[in-house]
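Chemist: What follows is a single structure, and I will ask about it in a moment.
The values are calculated or read from the model by the stated rules, or taken from the named source; none is laboratory data. Being a predicted model, the structure only gives us computed values, none of them experimental. In this analysis, Cβ positions are derived from the backbone assuming ideal geometry, glycine residues included, and neighbour counts consider all displayed protein chains.
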Amino acid sequence: MKISTEWLAEYVEIRESPQKLKDDLSMIGLLVEAIEEAEGTSILEVEVTSNRPDCLSHIGIARELAALYDRPLRFPETQETLRIESDRIPFEIEIRDPELCPRYTALVLDGIRVGESPDWMQRRLVAAGMRPLNNIVDITNYVLLEMGHPLHAFDYDILRQARIVVAKARNGEKMYTLDGVERELDADMLLINDGEGPVAIAGVMGGMESEISLSTTRVLLESAYFRPDSIRRTSKKLGLSTESSYRFERGADWNNTVPAAGRVCRLVEQLAGGRIAGNIQDVYPKKKEPVCIELKRENASSLIGVTMEREFIESTLSRLNFKLEENGTDSWSVTCPTYRADMELEADLIEELARFYGYQNIPTTLPPCRNVGRYSPVYKLENTIREILIGLGFNEAINLSFADESDSEEFSTGSDERVGVRNPLTEDMKYMRTVLAPGLVRSVKRNFNMDRRLVRLFEIGKVYRRGPDGTPKERNMLGIIGTGGFTEQNWKQPDASFDFFHMKGTLLTILRGLRIHSYEIEPTDAFRWLNPTDAAVLEIDRKQVGVMGSLSASLEEKYKLRQPAFLAEIEFESLAENAFAPMNFEPLPRYPSSERDISIVVSRDLAYRKIQTCVADIKIAELVKIALVDVYEGDKIPSGKVSLTLRLTFQDRGKTLTVDRVQDFVDTVLSSLYKTYGAELRSK
């Protein structure tokens, strides 16, 4: 809101510099972002919050300064009598929807000479950011900026039945607004009609057919109050925001319709020669009462944190035009002015006291601590996972819980219906997310756009799916993504590409850190958003709890990723159920271990995990570890075969193993692998 200090001085005495006004207004909650010079005056750029529509005018700001400096407030000159003895131009007003339009005030003026506004008015309009058009339109805009109440002037001779009908539109009804655009309306929108068709969209914008022109001599002046949510809904649907709708949708003053009309009449008389020809009609079928709130001094002192004296409470609220009536000791019934649309609770009144007491004068104190704090039940698990992943070079990401319609289709989990949002902010936030993967992929893309190629992110967040009974369910998930490398490239490691086994190693590190032992990683092709060649599921106690693999080629193309990305998504609750198994401590072995490497040739399609299982099933008590240390495919290996080098570690805690005994163990392993999978000892 642009406020001219020259204009402001007409309503309250200004002794302060613009900088002092800026500081003082900001301290009472009306942030002044900048001071500019325009049209020979200082302009204050005031940021008015959405709950203070009363400050969207020069008089509104003057009211605040008058209360702050305890100075009288001067109101502009208005037409005192809005009725004439002989109603020369009769007209009718009909409100068909009093819920949306509780009050409609109008009158007719004739003898009008349309022309340019005087220089002083044009300068003030330009300084406030408005373009002068003609004296009639400029006067309505001037009063809007002055008093904060939107008004509209119709060319009376264009109205077809000398009447105003306030009613909802019909679905599909169309009209041209003043900006020259044809608008299609629906049954939720409130219209101003002339008995035959629409002439304005109530509270938003007038129609082209009834606009003021140089030939206009008679004007019907509208000064109304419309329900804020109706105007907000209409403005949003039409994508049309105006100075009028901006004020109506935040809450105008329903008691300001007649004073605003009187101010316009006085200016029209002075600047356009107009006279009242049709008596004012104030149709008010649903009378609105001012808000009355009970205020107790002890509550004000408790909430603000300092003792509020009776004199300060009464003086401050009285200067702000609140009417106080004592209601017992240190208690009042406070009637709020009708222009304060933000007044609903006792706390709202206490906020007014805090503003004028001065937030800077309220001492900073910490609240008393009466209970010992405790960690949340999931803190230990979350913190352990964070420490592990941060130690591996990952960064934590936090993404929105909303999702596009395509997200749940492209990253389908194969079950659970998505949860819709009743009133989404945008089209790409129509649903709650069912997986974390889309948000992590978009985060990687943003990093790529900033030329960050090595990206490792994780997120601990909620996903939302409908359960079997149709009710939305909230679940915690752990999402991980890696691409571009596990470490930065250097002379020792020129190729640092992040691959499936880096992701697998990350998961295994998490599982070991959480002391989860009974897990398996099995290949899968059930997830379309992962490449089937390296997709796998994580099972704990034979229950599927997660999935991992590289992003599918189609999604890589859609998100325009320049390198492969590997993801994992794990059910957080399943980790919690199995985490932190009891630890068993054993003394360090007194006798040395013995290692043997064996190279076997097996089918290329044979999974290494099956070899592990086969060796473990022999149940050699002295076999304490088996590891894959080399994989080889070359000229000396038959087609369709692969050479695997296994390192077997044996140890007896009761005595030293002999060479012959270790060889017997190795022969037993080789024999079992030969019988089960046809494995042969590689000789070359």
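Every residue, every condition in (1) farther than 23 Å from VAL283 by Cβ; (2) touching a Leu at 6+ places or on another chain (Cβ under 7 Å); (3) of a type outside the set (Phe, Trp, Tyr), yes or no:
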| position | (1), (2), (3) |
| --- | --- |
| ALA66 | yes, yes, yes |
| GLU80 | no, no, yes |
| ILE93 | no, no, yes |
| GLY115 | yes, no, yes |
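Chemist: Report yes if some residue within the stretch 490-499 is assigned by TED's automatic domain parsing to the domain that holds LEU538, exposed (fewer than 12 other Cβ atoms within 10 Å of the Cβ), without any contact (Cβ under 8 Å) to a residue 40 or more places away in the chain and within 29 Å of GLU405 (Cβ to Cβ); otherwise report no. Give the derivation first.
Modeler: Residues of the stretch 490-499 assigned by TED's automatic domain parsing to the domain that holds LEU538: 490-499.
Filter once more, keeping what is exposed (fewer than 12 other Cβ atoms within 10 Å of the Cβ): 490-495.
Narrowing the set further to residues that are without any contact (Cβ under 8 Å) to a residue 40 or more places away in the chain leaves 490-495.
Narrowing further to those that are within 29 Å of GLU405 (Cβ to Cβ): none.
Among the residues of the stretch 490-499, not one is assigned by TED's automatic domain parsing to the domain that holds LEU538, exposed (fewer than 12 other Cβ atoms within 10 Å of the Cβ), without any contact (Cβ under 8 Å) to a residue 40 or more places away in the chain and within 29 Å of GLU405 (Cβ to Cβ), which makes the answer no.
Chemist: Where the second residue is surrounded by 20 or more Cβ atoms within 10 Å (Cβ to Cβ) and among the hydroxyl-bearing types (Ser, Thr, Tyr) and the first is farther than 14 Å from VAL545 by Cα and lies in the stretch 563-592, which pairs have Cβ atoms under 8 Å and are six or more apart or on separate chains?
Modeler: So the pair list comes out as GLN563/THR483; PRO564/THR483; PRO564/SER550; ALA565/THR483; ALA565/SER550; PHE566/THR483; PHE566/SER550; LEU567/SER550.
Chemist: When only residues in the stretch 506-532 that are free of Cβ contacts under 8 Å to residues at least 12 places away in the same chain and surrounded by fewer than 13 Cβ atoms within 10 Å (Cβ to Cβ) count, which is nearest to GLY439 (Cα to Cα)?
Modeler: The residue in question is ASP525.
Chemist: Of all residues being among the hydrophobic types (A, V, I, L, M, F, W, C) and touching a strand residue (DSSP E or B) at 6+ places or on another chain (Cβ under 7 Å) in the stretch 232-248, which is nearest to ARG340 (Cα to Cα)? Just the residue, please.
Modeler: LEU240
Chemist: If I filter the stretch 25-52 down to residues being touching a Phe, Trp or Tyr at 6+ places or on another chain (Cβ under 8 Å) and within 23 Å of TYR339 (Cα to Cα), which single residue comes out as surrounded by the most Cβ atoms within 10 Å (Cβ to Cβ)? Lay out the reasoning, then the answer.
Modeler: Of the residues in the stretch 25-52, the ones touching a Phe, Trp or Tyr at 6+ places or on another chain (Cβ under 8 Å) are 27-28, 41.
Next, from what is left, pick out any that are within 23 Å of TYR339 (Cα to Cα): 27-28.
Values: MET27: 15, ILE28: 17.
Among those that are touching a Phe, Trp or Tyr at 6+ places or on another chain (Cβ under 8 Å) and within 23 Å of TYR339 (Cα to Cα), it is ILE28.
Chemist: Give me the pairs: first residue in the stretch 5-25 and farther than 13 Å from GLU64 by Cβ, second residue of a type in the set (Gly, Ala, Ser) and part of a loop (DSSP other than H, G, I, E, B), beta-carbon distance under 9 Å, and six or more apart or on different chains, which are they?
Modeler: GLU6/GLY40; TRP7/ALA128
Let's see how each residue does on (1) touching a strand residue (DSSP E or B) at 6+ places or on another chain (Cβ under 7 Å); (2) closer than 20 Å to VAL264 by Cα:
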position: ASN51; (1), (2): no, no
position: HIS58; (1), (2): yes, yes
position: THR81; (1), (2): no, yes
position: SER86; (1), (2): no, no
position: PRO90; (1), (2): yes, yes
position: ILE95; (1), (2): yes, no
position: THR105; (1), (2): yes, yes
position: ASP110; (1), (2): yes, yes
position: ARG113; (1), (2): no, yes
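Chemist: Also: Is it the case that the stretch 375-383 has a residue that's out of contact with any Lys or Arg (no Cβ under 9 Å at 6 or more places or on another chain), in contact (Cβ under 8 Å) with a residue 12 or more places away in the chain, in a helix (DSSP H, G or I) and more than 23 Å from LYS473 (Cα to Cα)?
Modeler: yes
Chemist: Here is a follow-up. Please go through the stretch 227-258 and give me each residue that is touching a residue at least 12 places away in the same chain (Cβ under 8 Å) and in a loop (DSSP other than H, G, I, E, B), ordered by number.
Modeler: ARG227, LEU240, THR242, GLU249, ARG250, GLY251, ALA252, ASP253, TRP254, ASN255, ASN256 - these are the residues of the stretch 227-258 that are touching a residue at least 12 places away in the same chain (Cβ under 8 Å) and in a loop (DSSP other than H, G, I, E, B).
Chemist: Out of all the residues in the stretch 465-490, which are of a type in the set (Val, Ile, Thr) and either within 25 Å of GLU577 (Cβ to Cβ) or not in a loop (DSSP other than H, G, I, E, B) (or both)?
Modeler: Listed by number, the residues that qualify are THR471, ILE480, ILE481, THR483.
Chemist: Scan the stretch 613-636 for residues that are more than 20 Å from ARG653 (Cα to Cα) and assigned to a loop (DSSP other than H, G, I, E, B) and jot them down.
Modeler: GLU633, GLY634, ASP635, LYS636
Chemist: Taking the condition in the same structural domain as MET432 (by TED's automatic domain parsing) and of a type in the set (Lys, Arg), does ARG340 pass?
Modeler: Considered against the rule, which asks whether it is in the same structural domain as MET432 (by TED's automatic domain parsing) and of a type in the set (Lys, Arg), ARG340 comes out as no.
Chemist: Name the residue that is farthest from GLU586 (Cα to Cα), counting only residues in the stretch 652-678 that are assigned to a helix (DSSP H, G or I) and among the small types (Gly, Ala, Ser).
Modeler: Checking each candidate, the answer is SER671.
Chemist: Hey, another quick one. How many of the residues in the stretch 211-230 are among the hydrophobic types (A, V, I, L, M, F, W, C), surrounded by 16 or more Cβ atoms within 10 Å (Cβ to Cβ) and more than 17 Å from THR105 (Cβ to Cβ)? I'd like the intermediate steps shown before the answer.
Modeler: In the first step, residues of the stretch 211-230 are kept if they are among the hydrophobic types (A, V, I, L, M, F, W, C); the result is 212, 214, 219-221, 224, 226.
Narrowing further to those that are surrounded by 16 or more Cβ atoms within 10 Å (Cβ to Cβ): 212, 219-221, 224, 226.
Next cut, more than 17 Å from THR105 (Cβ to Cβ) only: 212.
The total comes to 1.
Chemist: While we're on this one: Could you say whether any residue in the stretch 570-579 is assigned by TED's automatic domain parsing to the domain that holds ASN383, surrounded by fewer than 11 Cβ atoms within 10 Å (Cβ to Cβ) and of a type outside the set (A, V, I, L, M, F, W, C)?
Modeler: No, every residue in the stretch 570-579 fails to be assigned by TED's automatic domain parsing to the domain that holds ASN383, surrounded by fewer than 11 Cβ atoms within 10 Å (Cβ to Cβ) and of a type outside the set (A, V, I, L, M, F, W, C).
Chemist: Quick one: is SER245 surrounded by fewer than 22 Cβ atoms within 10 Å (Cβ to Cβ), small (Gly, Ala, Ser), more than 30 Å from GLU85 (Cβ to Cβ) and not assigned by TED's automatic domain parsing to the domain that holds GLU352?
Modeler: No: the conditions fail for SER245.
Chemist: The conditions are (1) over 16 Å from GLY479 (Cβ atoms); (2) at pLDDT 90 or above, and GLU405 fails exactly one of them. Which is it?
Modeler: (2)
Chemist: Can you spot a residue in the stretch 593-602 that is without any contact (Cβ under 8 Å) to a residue 60 or more places away in the chain, more than 26 Å from PHE527 (Cβ to Cβ) and not polar (S, T, N, Q)?
Modeler: Yes: the stretch 593-602 contains one or more residues that are without any contact (Cβ under 8 Å) to a residue 60 or more places away in the chain, more than 26 Å from PHE527 (Cβ to Cβ) and not polar (S, T, N, Q).
Chemist: May I pose another question? Could you grab me the full set of residues in the stretch 285-334 that are loosely packed, with under 15 Cβ neighbours inside 10 Å, basic (Lys, Arg) and farther than 30 Å from VAL166 by Cβ?
Modeler: Of everything in the stretch 285-334, those that are loosely packed, with under 15 Cβ neighbours inside 10 Å, basic (Lys, Arg) and farther than 30 Å from VAL166 by Cβ turn out to be ARG310, LYS323.
Chemist: Follow-up. Take the residues in the stretch 390-441 that are of a type in the set (Gly, Ala, Ser), more than 23 Å from GLY467 (Cα to Cα) and touching a Phe, Trp or Tyr at 6+ places or on another chain (Cβ under 8 Å); name whichever of them is surrounded by the fewest Cβ atoms within 10 Å (Cβ to Cβ).
Modeler: Of all residues in the stretch 390-441, those of a type in the set (Gly, Ala, Ser) come to 391, 393, 397, 401, 403, 406, 408, 412, 414-415, 420, 437, 439.
Then drop every residue that is not more than 23 Å from GLY467 (Cα to Cα), which leaves 391, 393, 397.
Still in the list and also touching a Phe, Trp or Tyr at 6+ places or on another chain (Cβ under 8 Å): 393, 397.
On the way: GLY393: 14, ALA397: 20.
Once the filter is applied, the top-ranked residue is GLY393.
Chemist: Please give the helices (runs of 4 or more DSSP H) falling wholly within the stretch 38-155 in which 3 or more residues are assigned by TED's automatic domain parsing to the domain that holds GLN19 and in contact (Cβ under 8 Å) with a residue 40 or more places away in the chain.
Modeler: 58-69
Chemist: Still on this structure, please answer the following. Go through the stretch 418-460 and give me each residue that's part of a helix (DSSP H, G or I) and touching a helix residue (DSSP H, G or I) at 6+ places or on another chain (Cβ under 6 Å). Write out each step before concluding.
Modeler: Our first condition is that a residue be part of a helix (DSSP H, G or I); within the stretch 418-460, this holds for 427-429, 437-449.
Once the filter is applied, which keeps residues that are part of a helix (DSSP H, G or I) and touching a helix residue (DSSP H, G or I) at 6+ places or on another chain (Cβ under 6 Å), the stretch 418-460 yields only PRO438.
Chemist: Can you name the number of the only condition in (1) without any contact (Cβ under 8 Å) to a residue 12 or more places away in the chain; (2) of a type outside the set (A, V, I, L, M, F, W, C); (3) within 17 Å of ALA607 (Cα to Cα) that SER643 fails?
Modeler: Answer for SER643: the failing condition is (1).
Chemist: Can you work out which of the residues in the stretch 178-210 that are β-branched (Val, Ile, Thr) and in a loop (DSSP other than H, G, I, E, B) is nearest to LEU107 (Cα to Cα)?
Modeler: So the residue we want is VAL204.
Chemist: Across the stretch 90-115, what is the number of residues that are crowded, with 18+ Cβ neighbours inside 10 Å and over 38 Å from the mean Cα position of the chain (by Cα)?
Modeler: 8
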